[in-house]
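Structure first, commentary second.
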Amino acid sequence: MAAATSELRVDHLPSDPLLHILSFLDFRDLVHCSYVSRRLNELSKHNPLWRSLCSKHWLLTDADRLQSGVSWFCLFKQYYRDLGRYIQFYPVLKRAWEQLKSFLQQRCPRMIASLKEGATEVELNDIEAQIGCRLPDDYRCSYRIHNGQKLVIPGLMGSMSLSNHYRSEVLLDVETAAGGFQQRKGMRRCLPLTFCFHTGLSQYMALEPAEGRRMFESFYPCPDQTAQDPSAIDMFITGSCFLEWFTTYVHNVITGEYPIIRDQIFRYVHDKGCVATTGDITVSVSTSFLPELSSVHPPHFFFTYRIRIEMSSSASPEAACQLDSRYWKITTSDGNVEEVQGPGVVGEFPVMTPGKVHEYASCTTFSTPSEYMEGHYTFHRLANKEEVFHVAIPRFHMVCPPFREPVVRTQKASTSFTPRLDDHDDDGEYCDGDGDDFGDLRGINMAALEGAWCPRHI
């Protein structure tokens, strides 16, 4: 019996099965195993084990290891000393950045040149000391990879253009963001993530759960234009944390959800079901919500939509036709139905021939946060003007982002509109006290509104 027990000792097992077992361990368990015995200590430093872990956590390749001139185990330790606090976020954010840059290199190469090198730990620590707040680790991790972008146009975080309105959001570097850190009542402890030169619009991240906001969520501020208190700031929520906010945006870019127009990323959303084909003509629709031209109080929600009309290249030349008019049926979330018709589209009467594509953008406003539109175009054949026919426009929905009211309003038990996000957390902190009014933010948003209201259903 003693002899049999002796033969089962770990030290006497062959290396291959032990290495196979160790290959299932994460780096922490592998390090713990190295303290068990001299044999396991030697095996736990086996290069292939750490090659796999370097690829998993740091996305390192054989070329990276050869350039470093050290073993995989030593290379892992080097990265862990520098970036270990971000190990749960780094592979996701690093992959997102690499995918985004690879995509932009093909479609928008000038954006690559605007990206800044990553910030250092010391620089990020200095920013925290400057603003007196802790930066979330997912934000810090992303800014270790790239410290935002230079203040140039177009902005990395998407653009929007209408006839009399233009927006392009830059991803702010951490130093510029710290300069815009908010301490004013209504926006306390909020750090800007983006900025648009043309509208003054910024997305912010809440660094503390104050004034009705949840910690680390991102949002567009929207001043309550019906309130006398300038600290009454409604919020269009864009993400629950930086990681979700950034990776969701990158996914929409690299999958083609957001189109590239004139070397810029446009934040139109296309529902794959919003396509209708009538004969040789296909109509598809994408939509976008414009927070800078919207408000919760009073309820005014601004949308733009982009329509693509395409005639099949296999259509016969006799199928050539011209658009004469449009018809819309608009249904709001409160059940109201409105019908609108008029000549052409945005003042044009496009002629469609085999293979031709015609695209245009228009806009509309609603007093409810969600609605849908559908309708048809009326065409006539060029070869026979008496031949008139309808081309269906698919139903497409327009829904504003979730929004939340500030504590200053909810404390007065005012009624809000769906899809309002009710904050049921009891641990939220409301920072009351003296402070500057919020005239600057209110002025920025109002400036964006002046002269930019678009008539309905152009």
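Computing the accessible area with a 1.4 Å probe over protein heavy atoms, can you report the carbon and sulfur percentage for segment 50-170? Taking all protein chains in place, segment 50-170 shows 48 percent carbon and sulfur surface.
Of the residues His397, His300, ranked by 1.4 Å probe accessible area with the largest first, the sequence reads His397, His300. Measuring with a 1.4 angstrom probe and ignoring ligands and nucleic acids, Lys329 comes out at about 80 Å² accessible. Taking 24 Å as the limit for the C-alpha separation, the pairs Lys94/Lys150; Lys45/Lys94; Lys56/Lys272 exceed it in the case of Lys45/Lys94; Lys56/Lys272. Taking all protein chains as shown and a probe of 1.4 angstrom, Thr176 keeps an accessible surface of around 50 Å². With the alpha-carbon atoms of segment 1-149 aligned to their principal axes, the span from lowest to highest coordinate is 72, 40, 24 Å, starting with the largest. Taken over the C-alpha atoms, segment 275-421 has Rg and Dmax values of 19.0, 67 angstrom.
A 1.4 Å probe, protein heavy atoms only, puts the accessible area of Asp263 near 70 Å². Spatial offset of segment 201-219 relative to segment 17-69 amounts to 40 Å, using the alpha carbon center of each. In the chain, the alpha-carbon atoms span a convex hull of 222 Å³ per residue.
Ordering 36-49, 202-215 by mean Cβ neighbour count within 10 Å, with the highest value first, yields 202-215, 36-49. Mean residue ellipticity at 222 nm, helices only, the chain: -8500 deg cm²/dmol; runs of at least 4 DSSP H residues each add -39,500 (n - 2.57), and the sum is divided by the number of residues. The magnitude of the dipole of the chain, with charges of +1 and -1 set on the Cβ of Lys/Arg and Asp/Glu and taken from the Cα centre, is near 1260 debye. Peptides 339-351, 377-389, 90-102 ranked from most to least packed give 90-102, 377-389, 339-351, packing being the mean of other C-beta atoms within 10 angstrom over each peptide's residues. Dipole size of segment 1-152 about its Cα centre, with +1 on Lys/Arg Cβ and -1 on Asp/Glu Cβ: approximately 400 debye, rounded to the nearest 20. Expressed as a whole number of Å, what is the distance separating the alpha-carbon centroids of segment 241-310 and segment 142-160? First find each Cα centre; the distance between them is then 20 Å. Report the residues of segment 294-311 in range of a label on Val275: point 7 Å along Cα→C-beta, backbone N strictly under 16 Å from it. Counting only backbone N, you get 307-311.
Packing, as the average of other Cβ atoms within 10 Å across residues, places the peptides 12-22, 71-81 in the order 71-81, 12-22, highest first. Based on C-alpha pairs under 8 angstrom that are at least 6 apart in sequence, the chain has a relative contact order of 12 percent. Sequence-distant contacts, meaning Cα pairs under 8 Å at least 6 residues apart, place the relative contact order of segment 100-188 at 26 percent.
The values are calculated or read from the model by the stated rules, or taken from the named source; none is laboratory data. Just so we're clear, the structure is a prediction, and the values are computed from it rather than from any experiment. FYI the Cβ positions are ideal-geometry reconstructions off the backbone, even for glycines, and counts take in every protein chain you see. Calculation scope for accessible area: heavy atoms of the full protein, side chains included, ligands and nucleic acids excluded. Shrake-Rupley method; radii C 1.70, N 1.55, O 1.52, S 1.80 Å.
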